[in-house]
Amino acid sequence: MAGDERFKQEVLRLAGAEVLTCIQCGTCSASCPTAFLMNPSIRRLIKFCLEGKKEEALHNETLWLCTSCLLCTVRCPRGIRPKAVVSALKDMAEREGLRSKDAAYEQFFLKQIKDYGRIAELALTAEFLLVFPQGAVQSMQMGLELLPKGKIDLKIEKIKGRDEVKRIVEELSK
Amino acid sequence: MPIGVYVCHCGLNIAGVLNMEELKSFAEKLPDVAVARDLQFSCSDIGQEQIQKDIAELKLDRVVVAACSPRLHEPTFRRAISKAGLNPYMLEMANIREQCSWVHMEQPAMATEKAKDLIAMAVAKAALLKPLEPESIPVSKNVLVVGGGVAGIAAALDLADSGLHVFLVERRPTIGGYMALLTDVFPTNDCSICVLGPKMSEVYNHPDITLITYAEVLGVEGSVGNFTVSGVRRARYVDEKLCKGCINECAGVCPVEVPSEYDFGIGKRKAIYIPYPQAVPLVACVDPKACIGCARCVEACPAQAVKLDQEPQDFKLNVGAIIVATGWQPFDATRKEEYGFGRYRDVITTLQMERMLNASGPTKGDVVQPSTGKIAERVAFLQCVGSRDSTVGNLYCSRICCMASLKNAQLVKEKYPHTDITIYYIDIRACGEGYEEFYVRAQKLGINFVRSRVSCIDEVEGELFLIFEDTQTGEMKKVKHDLAVLSVGLEPDEKADVLGNLLGLSRRPDGFFEIAHPKMRPVEAHIDGVFIAGCASGPKEIPISIAQGSAAASKAVKLLHKGVLELEPTSAYVDPEKCIKCKLCVDLCPKKAIAVKSPAYVDEAACKGCGSCAAACPADAINMRFFSDEQIIAQVQAATEEKREFPLIVAFLCNWCSYGAADLAGTSRIQYPTNARNIRVMCSARVDPSFVLEALRRGADGVLIAGCRIGECHYRDGNYQALQRVNVLKGVLEKIGLDPGRVKIVWCAASEGEIFAKDIRDFIGELKAMGPIGTELKKGLSEVKNEETALP
């Protein structure tokens, strides 16, 4: 096979050997509530894994659109767990250093908790949009609509006992 | 007991490797041997005449032929000695060709040594042979056919036309099975009942068929040739002899209406009913669950046939063979909740579609939306509902649903050319004569095909939407249809469980009845005298079910037409004095030949001589008439009498696969070392642990047990039993300080000569590493001594 066999084997190890039995029926994609946003569909994602197409399998938005609702896994007639494939690919993407929106967002989120003990929405959005500027314009437009209605807090609030929260976060991050 | 030993040259096949002179003089000196000769070709007329002459002149009472495999010429020599007046079972063969000269061509000296052992083993066994008389038992010429679907009908008619008498037992009030309910059938689109109806009435009118409908089998006793079957005929509450089948009179006045099971819920019937107009027998039946007992039908019946006080009737039949044609049941579509069957009225199954398309069905042939009664304009067929689906436990393909949907789609399209029809499929499976052409025909008619498995059906304000990914374009879609037809798969009939358990039939993982061999014995059950036809052994189309019905009939005719059954005298027998009534043998017997009487009793007609019971009996109360304990022990002792090489292996080979594999290694001239002394047994399960211990006690370095590959045992699961015993034995060896690796069990098919040779080579390697038997005991002993001396 022309594809990356090691990549394929890694997916099978993480997501189960049943993936080999996929018949490409499309039950998983058709069951997926966010399928309309995905490209490629979960079905094709699985095909990429089986073909050893690492690039196509890891560099896509589909992985990060999965809501973990598990409908695909419940309905697959071959007993494959497409959700497990997605999780495996996410892990691999992160190990490869592919920075995902999710991971970046989580990082900023956690930093604010550490620093302020709670979230400052405006600052968090701003920080995130600096790294992933796609969609910044829409966000700003929405922000301008929300601002006069008092839906956005411009202040950064800090809680008492921030040191303790910081310690908790650091302890759990070990 | 004078024994004659004949060592065959087989031209140069044997004599080219082995030293014939040495073998002959070795044989002469063996106990009880009156004459030993070497013959050019023992199987030739000259060879056979020499043996016959010696029998007459020297009064030989048993004969050993050291030549080719007994699988080749045992019948020849049995015939030869019986012509000379000996019992045919007073023959033993030593296999010095396939299992010696042909596989040890480069070691003539060692091969000759091995051949000596093989001859000594055969002579030792021959000394213990007993004359056996093949018994014949009278058999019943009646056959029970269970199930009156198309397979059962085909079987019944062929049997009755061949002169046997048939009892056809059907659970429903009419025969005809599912085929009678279908509309036109693929791939020719001819009317189903038009071709089946005449066969149904032929069954009814045949003088040699006793039709027992609305009945169930509740008990089976006996074995091949003589089964006693008991059952009950449920009460119809209508006298079959009086009823004229006019039905309008009684059903016309009946006030109760219930959904008809013969229309799969879309049509209705009365509490007194005839399943469908072509039912056979054409006799009314009262549904006791629906009937309110108003007795208006009793008054209305002009023939006074309705008898609400009718009682169930027991029946008892004597039959020689049983054909199981219990068929299938449709997959329960409510189990696929995402398709909404049972909740959404316009979601129906294939069978409901069949009834709708049927001109005598509930809609008189109109294809309508059940919710509105309007003609459906956008029809969807969903394939693989309950098939190829591990979420419902049915991994298999139901084989007929693709063709059924192609056919129904065509019928709808022909009737309503403007209907928009789409078949949603994973793969279209159209394997059969004219089937692919049938698919092309559907395509040309303008039926749409979407390669997709529909994920779910939503009903929004009374309209059905199918949600799926078109896997060829990659589009996610939500498409509106008026009518969704679920192509439900075929499952084994649950109600056939009772019969299956009575007969001791085994089931495959897919739930259908297992046949004796997945390719070579397609209509035979594991139990002698029991045959399986049609969908009882897996989903099948109509022509194949008919072929199987006929095949099962011909098997039954072959078995019973002579009126007597010759039994192989190789069965097990019980010593009632020794039996401790533990019933272990009853559970083990793959043929259900041992009865739970007290003491145990072997039905020799059913026993196939595998010998598992004899190996398992804790009281040694069971022995075999052929391959007896004493004979096998004698072979073991002869093999270990003189240890001619290291390591010395005593090998037990099952007759069907591994002995065949060893023979094949010979015919393929696969060379391997000479260390093994092979003993033929009927099944690896025959190997009594005492045989193994005797071999090791007398100095064999290892014991090999070879059986058929797991799952391919000719007695169903003998090799599993052998494996279990070997595992226990290994524990015993370990306890007494022997290396458990000295007992080895291997599996090889009759086609695996190479694997057999490799098994021998591997085992020799392992035994060489262990050293001669007892090495570990000496080592253990010296370790103990060392420890003792190390103590202060």
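We did not get these values from a lab; they are worked out from the coordinates using the rules stated. Everything numeric in this text was worked out from a predicted model, so none of it was measured. Please note: Cβ atoms are built from the backbone with ideal geometry, for glycine as well, and neighbour counts cover all protein chains shown.
Taking the centroid of alpha carbons for each part, the stretch B:411-489 and the stretch B:307-348 are 28 Å apart. Tilt of helix A:42-51 relative to the longest C-alpha principal axis of chain A, in degrees (0 to 90, nearest 10)? For A:42-51 against chain A, the angle is about 60 degrees. For the stretch B:209-354, the residue among B:G327, B:V286, B:G225 whose Cα projects farthest onto the positive side of the dipole built from Cβ charges is B:V286. Specify the inter-centroid distance of the stretch A:133-155 and the stretch B:525-600, based on alpha-carbon positions, in whole Å. The distance from the Cα centre of the stretch A:133-155 to that of the stretch B:525-600 comes to 82 Å. Within 10 Å of the Cβ of each residue in A:16-27, the mean number of Cβ atoms contributed by other protein chains is 5. Of B:L777, B:L60, the sequence from fewest to most neighbouring Cβ atoms within 10 angstrom is B:L777, B:L60.
Along the charge dipole of the protein assembly as shown, Cβ charges K/R +1 and D/E -1, which of B:P255, B:W102, B:P187 sits furthest on the positive end? Towards the positive end, the residue furthest out is B:P255. The shape of the stretch B:627-792 comes out prolate: with a ≥ b ≥ c from the C-alpha gyration tensor, a/c is at least 1.5 and a/b beats b/c. Of all DSSP beta bridges confined to the protein assembly as shown, the antiparallel ones make up roughly 45%.
Neighbour counts of C-beta atoms inside 10 Å place B:K519, B:K555, B:K116 in the sequence B:K519, B:K555, B:K116, starting with the fewest. A cut-off under 10 angstrom between Cβ atoms defines the neighbours of B:G446, and their net charge, with Lys, Arg +1 and Asp, Glu -1, is +1.
Ordering B:H206, B:H517 by the number of other Cβ atoms within 10 Å of each residue's own Cβ, fewest first, gives B:H517, B:H206. For the stretch B:206-298, applying the loop criterion from DSSP together with a ceiling of 14 other beta carbons within 10 Å to the trypsin sites (Lys or Arg not before Pro) yields B:K241, B:K244, B:K289. For the peptides B:760-769, A:18-27, B:530-539, B:561-570, residues were scored by their other Cβ atoms within 10 Å and the scores averaged per peptide; the highest-first order is B:530-539, A:18-27, B:760-769, B:561-570.
Mind giving me the FRET efficiency for B:L445 and B:E568? R0 is 56 Å, r the Cβ-Cβ distance, nearest 0.05 is fine.
For R0 = 56 Å, the calculated efficiency reads 0.45.
About its Cα centre, the dipole of chain B is roughly 300 debye, where the only charges are +1 on Lys and Arg Cβ and -1 on Asp and Glu Cβ.
Filter B:K374/B:K415; B:K444/B:K540; B:K592/B:K730; B:K83/B:K558; B:K241/B:K270 down to the pairs with a C-alpha to C-alpha distance above 18 Å, please. Pairs exceeding 18 Å: B:K444/B:K540; B:K592/B:K730; B:K83/B:K558; B:K241/B:K270. With each label modelled as a point 7 angstrom along the Cα→C-beta vector, the B:E630-A:L20 pair spans 5.4 nm. What FRET efficiency would be calculated for the residue pair B:E459, A:F109, taking the C-beta separation as r and a Förster radius of 30 Å, to the nearest 0.05? Efficiency, from the Cβ-Cβ distance: 0.15. A Cβ-based charge dipole, computed about the Cα centre of the protein assembly as shown with Lys and Arg at +1 and Asp and Glu at -1, lands at about 1100 debye. Could you tell me the calculated FRET efficiency between A:K158 and A:D4, based on Cβ-Cβ distance and R0 = 41 angstrom, to the nearest 0.05? Result of the calculation: an efficiency of 0.25.
Other residues whose C-beta falls under 9 angstrom from the C-beta of B:A639 contribute a net charge of 0, scoring Lys and Arg +1 and Asp and Glu -1.
Tell me which trypsin sites (Lys or Arg not before Pro) from the stretch A:17-108 have a DSSP coil assignment and no more than 15 other beta carbons within 10 Å of their own.
A:R99
With contacts taken as Cα pairs under 8 Å and at least 6 residues apart, chain B reaches a relative contact order of 12 percent. If the segment from B:E433 to B:I580 were pulled out straight at 0.36 nm per residue, it would be longer than the present Cα-Cα gap by 47.0 nm. What number comes out for the charge environment of B:E754, summing +1 per Lys or Arg and -1 per Asp or Glu over other residues with Cβ under 15 Å away? That sum, taken over residues with Cβ under 15 Å, equals -1.
Placing dummy labels 7 Å off each Cα toward the beta-carbon, the span from B:K268 to A:S173 is 7.3 nm.
Helix content alone sets the calculated 222 nm mean residue ellipticity of chain B: runs of n ≥ 4 DSSP H residues at -39500 (n - 2.57) each, divided across all residues, give -9500 deg cm²/dmol. Applying a threshold of 23 Å to the alpha-carbon distances of B:K141/B:K244; A:K54/A:K174; B:K744/B:K768; B:K125/B:K643; B:K59/B:K608; B:K583/B:K744 flags B:K141/B:K244; A:K54/A:K174; B:K59/B:K608; B:K583/B:K744 as lying beyond it. Under the simplified labelling scheme, the B:S751-B:A300 pair shows an inter-label distance of 6.4 nm, with each label point 7 Å from Cα along Cα→Cβ. Rounded to the nearest 20, the Cβ-based charge dipole of the stretch A:5-95 about its Cα centre (Lys and Arg +1, Asp and Glu -1) stands at 220 debye. The C-alpha atoms of chain A define a longest principal axis, and helix A:121-131 lies at about 50 degrees to it.
Measure nothing but the geometry: give the 0 to 90° angle between the long axis through the Cα atoms of B:718-735 and the longest principal axis through the Cα atoms of chain B, rounded to 10°. That helix lies at roughly 50 degrees to the long axis.
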